[in-house]
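Please read the structure below before turning to the comments.
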Amino acid sequence: MTTQDTYTDRLSDYLDGELDPGGTAQVEAHLEGCEECRKTLADLRLVIAHAANLQDAGPDADLWPGVAACLGDGRGHVAQFRAPSPSKRFSFTMPQLVAAALALMVLSGSMVWLARLGGERTDFPAVAGQAVRPEMTPANLADAHFDEAISDLQQALDSGRGSLDPETVRVLEQNLLSIDNAIEQCRRALAADPANVYLNSHLAEAKKRKLALLRRATSIVAEIKG
Amino acid sequence: MTNNFAGEVNIRTWDRDSLRVQAMHSARTKVSIQTTPSGMSLNASGSMGPAGAVDYTITAPAWMPIKVSGTYTSVSIEGAQSEVSADTVRGDIVVKGGTGFVTAKSVEGEVILEGVRGKVTASSVNEGIRITAASGEIVAETINGSIVMSRIESKSATASSVNGDITYDGSAVDGGRYSFTTHNGDITMAIPESSNATFSIRTYNGDFKPSLPVTGVGEARRGKRLTYVLGNGSAEVELESFGGTIRLRRPGIQTAKEKKEVRGEIKARAVSVRRTS
């Protein structure tokens, strides 16, 4: 590995402010004399700026039936999920990060293009249920799915509100509001810093917490109704 | 096993192999005691509609597993030497003793656990959790309350809150795992200076203030993960607060803020007692 490669690999950490003061000084000294690294750094800043401006756009139609139809050869596919090790930390090289960012941009663009085509092309035919079902359905905390799950539970809670003590309803609503505030603070911070790993995981945790509280509230309603 | 819609459940233990049940209730309420494959079951029913409030005083063999559930019920269990489970909507839960699986869950009540051993799960929604002199695997979770763990001997402790502070005062065992996360609260971890631990610190708007001789550099801001090491770094400690201050210190030393909070809590309790008496 050349000296330049060494510095190229550290530029991402430098940009994220993850280098210690000594490392930061070394990289800055190197940048003064290395035109290529300055260009790479500028490119990297550009990628981050692009990533920050990417808009989430869900398709107008549910794409899964069509995807399933393409995959559907009767054999079925079962996805295997593994709980990630909490202590594991992944790191990527600069070229890997750039490639991933470009792939993300292409993928997002394709999704938007597909979604905006409209008409029959996005009207995928329904497919029959697969014979083999995955053993576990992973929680999907993307906004649309999360909102849907929250909405279902909220409706269940609203319908059973009359059977709960008003003070209990007040406490539950107050705590749901506390979680909503935490979610909103996370979202605002993420808008300014979309690639922040901590913010993303913290937001996911807050969403899971809200789901858990709503589930508990609805189970209380069910118990009281008897 | 006791299911009580409203009232109190007080359970004490003795060294006899028999169960004594005393219940105070209105004339319209009937208490039934049934034997089940897993032990005894206590339930109340109303002769005209739902059961009214029942106050139970139960003396049980220390070896007998205990399970109490209720809605508007406070629960106190003392001296159990077996599994304990208590679940209420409104009402405090106090458990002194218990081994194996010890579970205490309340929505509107405070959860207090003392001298419990085993796999300990404590959960509240709107109130705090206090766990004292406990050992084993501990999981504590609340939303608007604080979590205080003191004199803990544990190889695995997890605590999370949204608006509350988290305080842990106890051991950090070699090879152990500890994870404390809150959104708006402070986190204080007090462990002996001789501990061996690797701390993973993350905060977005808060601060990190270690007073233990940890090695590591950097400023804990904007969600960046910082790693600090104490001793040989054997135990894994994860401390995360979005907006609060994360402190590392020796056991028993209270900061001025903590002292003030304790004084405030005592004062609030005194006012509460005066109102109820």
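The values are calculated or read from the model by the stated rules, or taken from the named source; none is laboratory data. Bear in mind the structure is a predicted one, so any value in this text is a computation, not a measurement. In this analysis, Cβ positions are derived from the backbone assuming ideal geometry, glycine residues included, and neighbour counts consider all displayed protein chains. Ligands, DNA and RNA are stripped out before the accessible areas are found, and what is left, the full protein with its side chains, is counted by its heavy atoms. Shrake-Rupley method; radii C 1.70, N 1.55, O 1.52, S 1.80 Å.
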If one compares the long axis through the Cα atoms of helix B:256-276 with the longest principal axis of the Cα atoms of chain B, the angle in degrees, nearest 10, works out at 20 degrees
Rounded to the nearest 5, the percent of DSSP beta bridges in segment B:1-145 running antiparallel is 20 percent
For segment B:2-160, dividing by residue count, accessible area per residue (probe 1.4 Å) in Å² works out to 44 Å²
For A:E36, the accessible surface traced by a 1.4 Å probe with all protein chains present amounts, in square angstrom to the nearest 10, to 110 Å²
Per-residue average of other protein chain Cβ atoms inside 10 Å, peptide B:5-18 -> 0
The percentage of the accessible area of segment A:3-52 (probe 1.4 Å, all protein chains present) made up of carbon and sulfur atoms, to the nearest whole number, is 49 percent
Here the residues of segment B:61-93 whose accessible area is at least 30 Å² smaller with all protein chains than in the chain alone (probe 1.4 Å) are B:Y72, B:V89, B:R90
Rounded to the nearest 10 Å², the accessible area of B:R202 using a 1.4 Å probe with every protein chain kept is 20 Å²
One would report the antiparallel percent of DSSP beta bridges in chain B, rounded to the nearest 5, as 15 percent
For segment B:112-230, percent of DSSP beta bridges that are antiparallel (nearest 5) comes out at 15 percent
Row for segment A:3-52, column shape: gyration tensor on C-alpha, a ≥ b ≥ c, rounded if a/c < 1.5 i.e. under 1.5, prolate if a/b over b/c, else oblate; value oblate
Among B:N144, B:G52, B:V31, the residue whose Cα sits farthest towards the positive end of the charge dipole of segment B:1-145 (+1 at Cβ of Lys and Arg, -1 at Cβ of Asp and Glu, taken about the Cα centre) is B:V31
Its Cα gyration tensor gives segment B:127-238 an equivalent ellipsoid whose semi-axes in whole Å, largest first, are 21, 19, 10
Spelling it out for B:A235: with amide H atoms placed in the peptide plane at 1.01 Å from N, the residues 5 or more places away or on another chain with amide H under 5 Å from its amide H are B:G175, B:G176, B:N196, B:A197, B:T198
Contact-by-burial set, segment B:136-163, min loss 30 Å², accessible area of protein heavy atoms with 1.4 Å probe, reference chain alone, gives B:I143, B:N144, B:V162
Everything considered on the Cα gyration tensor (a ≥ b ≥ c; rounded for a/c under 1.5, else prolate if a/b is larger than b/c, else oblate), segment B:1-145 must be described as oblate
Result for segment B:173-255: accessible area per residue, probe 1.4 angstrom, in square angstrom, of 38 Å²
From highest to lowest solvent-accessible area (probe 1.4 Å; ligands, DNA and RNA excluded), B:M149, B:M40 read B:M40, B:M149
